[in-house]
1. One residue is enough: does segment 53-61 have a residue meeting the conditions in contact with a His (Cβ under 6 Å, 6 or more places away or on another chain), surrounded by 12 or more Cβ atoms within 10 Å (Cβ to Cβ) and not polar (S, T, N, Q)?
2. Looking at G36, G46, which is the one that is on the phi > 0 side of the Ramachandran plot and either among the small types (G, A, S) or in contact with a Gly (Cβ under 8 Å, 6 or more places away or on another chain) (or both)?
3. When you look at E48, is it touching a residue at least 12 places away in the same chain (Cβ under 8 Å), acidic (D, E) and open to solvent by 80 Å² or more (accessible area, probe 1.4 Å), yes or no?
4. Limited to segment 1-42, what total is found for residues that are more than 11 Å from Q69 (Cβ to Cβ) and either open to solvent by less than 50 Å² (accessible area, probe 1.4 Å) or of a type in the set (A, V, I, L, M, F, W, C) (or both)?
5. Among (1) under 30 Å from D5 (Cβ atoms); (2) touching a helix residue (DSSP H, G or I) at 6+ places or on another chain (Cβ under 8 Å); (3) not small (G, A, S), which single condition is V60 missing?
6. Which ones in segment 51-70 are charged (D, E, K, R) and touching a residue at least 12 places away in the same chain (Cβ under 8 Å)?
Amino acid sequence: MPAVDAEEAVALPVTTVVHRRIRPGLEQEFETWLGGVIRAASLLPGHEGAVVLRPAPREVMLVFRYATQK
């Protein structure tokens, strides 16, 4: 892959991954927080979507996709 200068890098798509473990007994509070985070992310410029993965009990991975770094 050829080198990319800083200006070109800003124009490339961005994916952010967040991993969380939910403490026992706080599942409902976590789900409320999760909904708020996804709504807030959807308001950011370039937001293309969010995916919630649940790889194990009480584990969540959030994957956010943005069109650019701006």
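1. Step one: list which residues in segment 53-61 are in contact with a His (Cβ under 6 Å, 6 or more places away or on another chain), which gives 61.
From what is left, the residues that are surrounded by 12 or more Cβ atoms within 10 Å (Cβ to Cβ) are 61.
Right, trim to not polar (S, T, N, Q) and you get 61.
Looking through segment 53-61, at least one residue is in contact with a His (Cβ under 6 Å, 6 or more places away or on another chain), surrounded by 12 or more Cβ atoms within 10 Å (Cβ to Cβ) and not polar (S, T, N, Q).
2. Numbers: G36 fails: on the phi > 0 side of the Ramachandran plot.
On inspection, the qualifying residue turns out to be G46.
3. Spelling it out, E48 is indeed touching a residue at least 12 places away in the same chain (Cβ under 8 Å), acidic (D, E) and open to solvent by 80 Å² or more (accessible area, probe 1.4 Å).
4. Number of matching residues: 16.
5. Every listed condition holds for V60 apart from (1).
6. Residues satisfying the conditions are R58, E59, R65, K70.
The values are calculated or read from the model by the stated rules, or taken from the named source; none is laboratory data. What you see is a predicted model, and the numbers here were worked out from it, not measured in a lab. Reconstructed Cβ throughout: ideal geometry from the backbone, glycine too, with neighbour counts over all protein chains shown. When the accessible area is computed, the model is the full protein with side chains, heavy atoms only, and any ligands, DNA or RNA have been set aside. Shrake-Rupley method; radii C 1.70, N 1.55, O 1.52, S 1.80 Å.
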